[in-house]
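For reference, the structure discussed in these notes is given below.
The values are calculated or read from the model by the stated rules, or taken from the named source; none is laboratory data. Owing to the predicted nature of the structure, the values given are computational and were not obtained by experimental measurement. Here the Cβ is made from the backbone with ideal geometry for all residues, glycine too, and neighbour counts use every protein chain on show.
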């Protein structure tokens with residue numbers, strides 16, 4: 001469960017990237033985060049994992065307040081999948097990438113191996129364990145990136161444009177996988193039909209402020225609302 | 001100017017491994033002490049990969065029609081600071097050695113020393129940093145880059161010369177070898193310096209904070225005292241000097257032998273042309289005619305290769321070839337059987 | 001540029017090769033590493049004029065290449081890269097070392113020529129030994145072994161990450177270059193006056209990527225308590241491999257086998 005209360009995040013030059021934003025994600029909920037470029041989606045995601053500091057307001061993850069001393073605990077519970085898989089796969093072999101998180105938690109090698117295999121199998125890419133990310137397809141890389149986070153056994157998973165770099169088939173596979181995962185999810189995306197398929201609820205943001213929060217289809221099909229946000233409505 | 005195994009003796013190779021290993025260990029400690037070291041790791045890694053890629057970028061030199069590429073050592077120092085740059089360069093060199101046959105495995109110690117330790121731990125702190133210490137300006141960056149690149153490459157090339165000669169596998173005399181290596185690397189150094197300057201200036205224009213943090217990061221540790229650097233220099237001098245004198249004293253005959261060559265009194269019919277001019281070159285560049293180093297492992301004379309030896313050699317090759325073919329054939333058969341069983 | 005793509009291909013081919021199984025692949029990385037090292041040291045320790053004694057050393061690459069099913073085509077490419085410097089030194093030996101070594105059917109062969117071939121041959125042997133090492137040892141196996149050998153973890157992880165990102169950076173540089181070439185009137189590569197901004201742009205992008213990678217690492221607990229000590233005991237087969245690939249050559253180094261041939265003929 002994630003509770004965001006009136007958070008404000010400012011850029012180094014003083015402008016507000018996020019302005020007094022509040023929302024709650026309940027256990028098991030899948031929520032889409034929609035907004036024009038520069039609206040603050042990535043900034044919001046990065047602040048949820050404590051990478052970007054929050055100037056005011058609070059973030060509670062499973063009841064734990066995000067702060068300097070609780071960073072590790074929060075990052076165990078909230079797993080972020082980055083937009084570009086190449087930024088997230090930095091080890092020679094997929095196995096080592098997926099093992100990176102559990103190893104940093106100090107788990108024994110046996111436990112690490114269990115977690116890695118479980119994550120890879122869950123996503124259908126167990127055969128990639130000894131491969132490197134060189135010459136993997138966009139879809140395979142995407143799954144591998146998700147695996148690197150899944151192996152940490154988080155309660156919530158957040159995604160930054162997960163359908164970027166995917167061809168139609170890989171995109172379909174992603175939709176199936178995400179629909180299957182029981183975790184709470186927050187998915188920043190431009191791909192509105194993807195959002196409609198995977199997330200019953202959508203949060204619209206504009207210039208760092210909450211614009212709307214409600215049923216996905218209702219919101220995304222509201223032409224006036226979407227136009228105000230700078231996005232094309234869903235047909 | 002990567003060293004090759006074939007020109008190296010184990011003694012020299014081992015000594016350089018020790019020197020480079022010590023430098024890497026020292027740098028690793030230094031980097032870890034820096035409080036931002038965790039952030040440095042991905043930056044060291046990606047910029048290391050960048051240097052590798054940058055070395056593939058060929059540019060044309062106008063007027064000569066030839067192409068060249070940069071090495072990247074000083075550039076890396078400007079971006080990361082001396083100690084992190086050494087670690088990155090060492091990683092790149094190891095990868096080049098193992099996966100691309102650029103430099104031999106035994107010669108790795110030499111290469112890390114010539115291409116990494118000398119620019120990063122000597123040239124960068126003693127030349128580059130002092131020039132930009134007063135503040136970053138385009139002019140100072142340019143001067144620092146060019147001077148550092150030239151000196152760094154000169155030192156590195158000279159390192160290759162010394163290491164090759166100390167190994168004694170090749171018979172190229174010191175003077176000739178140096179006369180070949182140094183001027184070439186002077187030209188390379190100038191070009192590299194100019195390009196490094198252009199790149200660093202570009203980065204300074206676009207993202208000055210990157211450079212500022214690199215310079216600041218390294219001057220905060222002004223506790224890296226001149227003492228340490230001098231100690232390194234001393235070790236280098238002792239190593240080189242020690243090797244030099246060891247070989248020179250062990251082979252007093254070297255002198256007569258090389259004089260005989262220079263005078264051209266050989267037993268072979270010289271086919272004029274190239275042999276004469278080579279001898280002339282040697283005379284002209286005989287700066288240190290006393291310092292030719294015959295190999296220390298000279299017990300095996302070329303006498304092992306008499307006619308009988310050649311026959312024996314041919315037989316050995318044939319035997320080896322046959323062995324290889326037999327093994328391959330056996331494997332192919334096994335693979336065929338296995339795939340048949342699987343299907 | 002073509003050579004960028006070929007580098008990526010080279011990495012990829014080696015990855016595929018090292019991922020397979022064979023009597024050699026399955027050995028412990030420590031003995032694979034030691035074996036290559038000892039071999040190279042032995043080869044290189046021969047005197048400048050010794051060629052005959054080096055010949056039996058060919059068994060090492062021939063047998064191991066066959067057992068590991070490593071293709072010889074890779075060797076040729078690597079030797080071609082290593083050769084130029086050695087040719088220079090070797091040819092200089094021909095020029096400067098003209099004592100006669102021996103005669104064959106009336107033709108005198110100088111010691112310089114012998115050492116030329118010796119240098120070429122040992123280049124070939126050393127290059128092949130390294131190729132075999134990387135063709136049978138995956139990178140992460142190698143890096144875990146380095147950790148066991150107490151190489152600082154910072155450096156080993158750095159090595160792994162540099163390796164990983166070389167492909168990415170080459171791709172990026174290659175794309176940038178194609179875009180450049182499509183807009184430039186010269187056809188012979190980057191003009192030197194553009195080097196500053198081209199390379200600078202690539203460098204800034206690398207820096208930004210590094211920031212994102214750092215964020216990704218932090219999200220997964222870095223720096224954490226990575227107390228990994230991946231144990232790997234040595235098996236009997238490993239000792240056998242080590243002995244088989246080093247002892248014969250140590251003996252060949254110590255005893256002069258060409259003397260044996262002389263006596264036979």
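Tabulated results
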quantity: Only one of B:45, B:18 that is assigned to a helix (DSSP H, G or I) and within 30 Å of residue B:165 (Cα to Cα); calculated: B:18
quantity: Filter pass, residue C:37 being assigned to a helix (DSSP H, G or I) and either within 17 Å of residue C:249 (Cβ to Cβ) or within 9 Å of chain B (Cβ to nearest Cβ) (or both); calculated: yes
quantity: Close pairs from region A:160-173: first within 17 Å of residue A:83 (Cβ to Cβ), partner in a loop (DSSP other than H, G, I, E, B), Cβ under 6 Å, at least 6 apart; calculated: A:160/A:82; A:160/A:83; A:161/A:83; A:161/A:189; A:163/A:191; A:164/A:83; A:171/A:163
quantity: Residue in region C:207-217 that is farther than 30 Å from residue A:98 by Cβ and modelled with pLDDT of 85 or more present; calculated: no
quantity: Residues of region C:121-139 satisfying the condition of being over 12 Å from the mean Cα position of the chain (by Cα) and at the interface with chain B (Cβ under 8 Å from one of its Cβ atoms); calculated: C:122
quantity: Any chance residue C:64 is at pLDDT below 90, more than 9 Å from chain B (Cβ to nearest Cβ) and surrounded by 19 or more Cβ atoms within 10 Å (Cβ to Cβ); calculated: no
quantity: Selection count, region C:166-183, where residues are more than 25 Å from residue A:89 (Cα to Cα) and within 11 Å of another protein chain (Cβ to nearest Cβ); calculated: 1
quantity: Complete set of residues in region B:31-55 that are more than 7 Å from chain C (Cβ to nearest Cβ) and at pLDDT 90 or above; calculated: B:51
quantity: Any hit, region B:90-103, residues being modelled with pLDDT under 90 and surrounded by 24 or more Cβ atoms within 10 Å (Cβ to Cβ); calculated: yes
quantity: Residues of region A:60-87 satisfying the condition of being in contact (Cβ under 8 Å) with a residue 24 or more places away in the chain and part of a loop (DSSP other than H, G, I, E, B); calculated: A:62, A:63, A:82, A:83, A:84
quantity: Selected residue (criterion: surrounded by the most Cβ atoms within 10 Å (Cβ to Cβ)) from residues of region A:88-111 that are facing chain C (nearest Cβ under 7 Å) and in a loop (DSSP other than H, G, I, E, B); calculated: A:90
quantity: Scan of region C:126-153 for residues that are more than 18 Å from residue A:95 (Cβ to Cβ) and buried (at least 22 other Cβ atoms within 10 Å of the Cβ), ordered by number; calculated: C:126, C:127, C:128, C:129, C:130, C:131, C:132, C:133, C:134, C:135, C:136
quantity: Residues (more than 7 Å from every other protein chain (Cβ to nearest Cβ), in a loop (DSSP other than H, G, I, E, B) and touching a residue at least 12 places away in the same chain (Cβ under 8 Å)) located in region B:56-115; calculated: B:69, B:70, B:71, B:72, B:81, B:103, B:107
quantity: Sole residue being outside any loop (DSSP other than H, G, I, E, B), within 7 Å of another protein chain (Cβ to nearest Cβ) and modelled with pLDDT of 90 or more, chosen from C:158, C:146; calculated: C:158
quantity: Flag for residue A:36 being touching a helix residue (DSSP H, G or I) at 6+ places or on another chain (Cβ under 8 Å), in a loop (DSSP other than H, G, I, E, B) and modelled with pLDDT under 95; calculated: yes
quantity: Unmet criterion (only one of (1) within 30 Å of residue A:151 (Cα to Cα); (2) within 30 Å of the chain's Cα centre (by Cα)) for residue C:216; calculated: (2)
quantity: Residue among A:169, A:201 that alone is surrounded by fewer than 22 Cβ atoms within 10 Å (Cβ to Cβ) and at pLDDT 95 or above; calculated: A:201
quantity: Residue list for region B:1-18, restricted to those being surrounded by fewer than 23 Cβ atoms within 10 Å (Cβ to Cβ) and over 25 Å from residue B:70 (Cβ atoms); calculated: B:10, B:11, B:14, B:15, B:17, B:18
quantity: Helices (runs of 4 or more DSSP H) contained entirely in region A:119-235, each with at least 3 residues that are touching a helix residue (DSSP H, G or I) at 6+ places or on another chain (Cβ under 8 Å); calculated: A:138-150, A:168-180, A:192-198, A:216-221
quantity: Qualifying position, being more than 13 Å from chain C (Cβ to nearest Cβ) and over 17 Å from residue C:220 (Cα atoms), among A:128, A:123; calculated: A:123
quantity: Residue in region C:222-244 that is buried (at least 17 other Cβ atoms within 10 Å of the Cβ), within 14 Å of chain A (Cβ to nearest Cβ) and touching a strand residue (DSSP E or B) at 6+ places or on another chain (Cβ under 7 Å) present; calculated: no
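One line per residue, one yes/no per condition, for (1) part of a helix (DSSP H, G or I); (2) under 20 Å from residue B:70 (Cβ atoms); (3) at pLDDT below 90; (4) more than 10 Å from chain C (Cβ to nearest Cβ):
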{"residue": "B:120", "(1), (2), (3), (4)": "yes, yes, no, yes"}
{"residue": "B:126", "(1), (2), (3), (4)": "yes, no, no, yes"}
{"residue": "B:150", "(1), (2), (3), (4)": "yes, yes, no, yes"}
{"residue": "B:155", "(1), (2), (3), (4)": "yes, yes, no, yes"}
{"residue": "B:160", "(1), (2), (3), (4)": "yes, yes, yes, no"}
{"residue": "B:179", "(1), (2), (3), (4)": "yes, no, yes, yes"}
{"residue": "B:184", "(1), (2), (3), (4)": "yes, yes, yes, yes"}
